[in-house]
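For reference, the structure discussed in these notes is given below.
The values are calculated or read from the model by the stated rules, or taken from the named source; none is laboratory data. Not measured: the values here are computed from a predicted model. Here Cβ is always computed from backbone atoms with ideal geometry, including for glycine, and neighbour counts include all displayed protein chains.
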Amino acid sequence: MTVSIVIALGVVALLGTGVLIWDQRRTPLPAIAAGGANRHAAVTAAVGWASLIGSLAVGVIGVMMGNLELAGRQIALVPCAAGVVFLMVHAAGELTWPRPRGGVRSARLAPRATADVAPTLLRAALWAWAGLLAVELVVFGVMASGPRTITARVPEEALVGAGTEYQAGPFPGWWYGVPLLIGGAVLLMGTELVLRLITLRPALVDVPAAWDMALRRRSARRVLRGAQAPLAITGAGVLWVAHQTIASATSPSDPLVVTCLVLAWVSAVGGVVLMAVPGRDFRPEPAAGPAPTAADVIG
Amino acid sequence: MSQTLRIDLDSAIPHYEQIRAQVTAALATGALLPGDRLPTVRVLAADLGIATGTIARAYRELEAAGLLTTRRRHGTVIAEPSRARHRDIGIATLHLVEAARAENLTDQEVLDLVTGALLAHPRQTVTLSGPTSDAP
């Protein structure tokens, strides 16, 4: 079992390294400092991906094979925990970003904000998954009749115990809902914090401004790709468990059951696809305008 | 806007003063225009690798001089010009720099020319007893 986990992690690490080498090859390097910065970002990303995928793999395989004896709540928190480890790696990478050195320092007088750095759609996806998770946890928490059960009724046409009520579970009531809400909030706030660190990291001055921004956007894209997936997977898991229990208590064709099932698949597939698709941040930028002349100022 | 700020950490001139002078010069020459946004104190401090307090002080001085305004939703922006008399001098300076570039003069040669011109035409200070010169 342990050997199979190690082999699986090795394959993932090799694939990740291959993707990173390919990814770095297509990055134009306009200066020596750019190479160092790109390397720092690539190493951070490699360790981040390894920690995220490794944590998820160990958690899922360990629970499935029975090597990890975790309670239900702990199992539910595995994706969030993997996401937090991933964010901690990226935070460490940003905090160790090379600082400006030398007696003469320079900086561009150009403003930048997190909104300029973080890809809008990925950031929206992160907030959407977090919102969906919060909504489903609150709805299921209100629906639940116990901490982790829902009240079901034996059908009237049943031969034994017709019309009697019983508790069906496991159901994502507040027993699971509260820690998952906290886990989701930590993941969301942690991601925003790391995006802020990326915005605030020192700019590279011996490269074009567009190149520096492209590297920043690449880092932000990696963080968002990795951080949105645990939220989506957690949401999908909650919906899947709820769908199973509601289906057993009512009927598999119940509209709520179908809705949960569809949303679970959308969350799971959406989260994994967004995590897997890399972006193209190093696009040719339009040339910057010339410095203002006296004629420009006179108008 | 791609104005670059440069500070010399070993210079005797305080860091905040170097920043203040360069922003003022950029405004005078039209490199910065009213409404242009400046980076936040934290961003500029991170890029230069110096304390946020230094940048904050430079911004405060510029704000006190009426050159910057800080708006809640827009951050720090260049203020509308209230000192129109400096506009002509800024344009004249740009003409000077364009002419110097056309003649392939170095930055130091241009500065030497300006320094020489300043020494040849010392500033007249108005006092109660009549105009006096700054020159020794």
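Just a few scattered comments:
- Filter result for B:Glu109 (of a type in the set (D, E, K, R), more than 12 Å from every other protein chain (Cβ to nearest Cβ), assigned to a helix (DSSP H, G or I) and over 17 Å from the mean Cα position of the chain (by Cα)): yes
Quick grid of which residues meet (1) modelled with pLDDT of 95 or more; (2) away from every other protein chain (no Cβ under 14 Å); (3) within 16 Å of A:Phe140 (Cα to Cα):
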{"position": "A:Leu181", "(1), (2), (3)": "yes, yes, yes"}
{"position": "A:Leu197", "(1), (2), (3)": "yes, no, no"}
{"position": "A:Ala203", "(1), (2), (3)": "no, no, no"}
{"position": "A:Leu231", "(1), (2), (3)": "yes, yes, no"}
{"position": "A:Thr245", "(1), (2), (3)": "no, yes, yes"}
{"position": "A:Ala249", "(1), (2), (3)": "no, yes, yes"}
{"position": "A:Ser253", "(1), (2), (3)": "no, yes, no"}
{"position": "A:Leu256", "(1), (2), (3)": "no, yes, yes"}
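- Residue in the stretch A:83-101 that is aromatic (Phe, Trp, Tyr) and farther than 22 Å from A:Ala220 by Cβ present: no
- Given (1) in contact (Cβ under 8 Å) with a residue 40 or more places away in the chain; (2) more than 7 Å from chain A (Cβ to nearest Cβ), index of the condition B:Leu38 fails: (2)
- Screening the stretch B:5-34 for residues that are in a loop (DSSP other than H, G, I, E, B) and under 21 Å from B:Ile89 (Cβ atoms) and picking the one that is farthest from the other protein chains (Cβ to nearest Cβ) gives B:Pro34.
- With respect to the stated conditions, B:Leu94 fails to be more than 8 Å from chain A (Cβ to nearest Cβ) and in contact (Cβ under 8 Å) with a residue 24 or more places away in the chain.
- Among the residues of the stretch A:71-92, some residue qualifies, meaning at least one is among the β-branched types (Val, Ile, Thr) and over 22 Å from A:Gly177 (Cβ atoms).
- Boolean, B:Thr24 is farther than 15 Å from B:Ile78 by Cα and surrounded by fewer than 20 Cβ atoms within 10 Å (Cβ to Cβ): no
- Test for A:Leu70: is it within 14 Å of chain B (Cβ to nearest Cβ), at pLDDT below 95 and over 15 Å from A:Gly237 (Cα atoms): no
- Top-ranked residue in the stretch B:31-75 [being of a type in the set (Asp, Glu) and more than 13 Å from A:Arg112 (Cα to Cα); ranked as surrounded by the most Cβ atoms within 10 Å (Cβ to Cβ)]: B:Glu61
- Enumeration of residues in the stretch B:63-83 that are within 7 Å of chain A (Cβ to nearest Cβ) and assigned to a loop (DSSP other than H, G, I, E, B): none
- Residue in the stretch B:49-62 that is in a helix (DSSP H, G or I), at the interface with another protein chain (Cβ under 8 Å from one of its Cβ atoms) and either at pLDDT 95 or above or touching a helix residue (DSSP H, G or I) at 6+ places or on another chain (Cβ under 9 Å) (or both) present: no
- Residue within the stretch A:101-114 that is within 27 Å of B:Gln22 (Cβ to Cβ), part of a helix (DSSP H, G or I) and at pLDDT 90 or above present: yes
- When restricted to residues that are in contact with a Gly (Cβ under 7 Å, 6 or more places away or on another chain) and touching a residue at least 60 places away in the same chain (Cβ under 8 Å), the stretch A:44-82 contains 8.
- Residues being farther than 22 Å from A:Arg73 by Cβ and touching a residue at least 60 places away in the same chain (Cβ under 8 Å) - total across the stretch A:122-152: 6
- Matching residues in the stretch A:155-177 - criterion: being part of a loop (DSSP other than H, G, I, E, B) and closer than 26 Å to A:Val138 by Cα: A:Gly169, A:Pro170, A:Phe171, A:Pro172, A:Gly173
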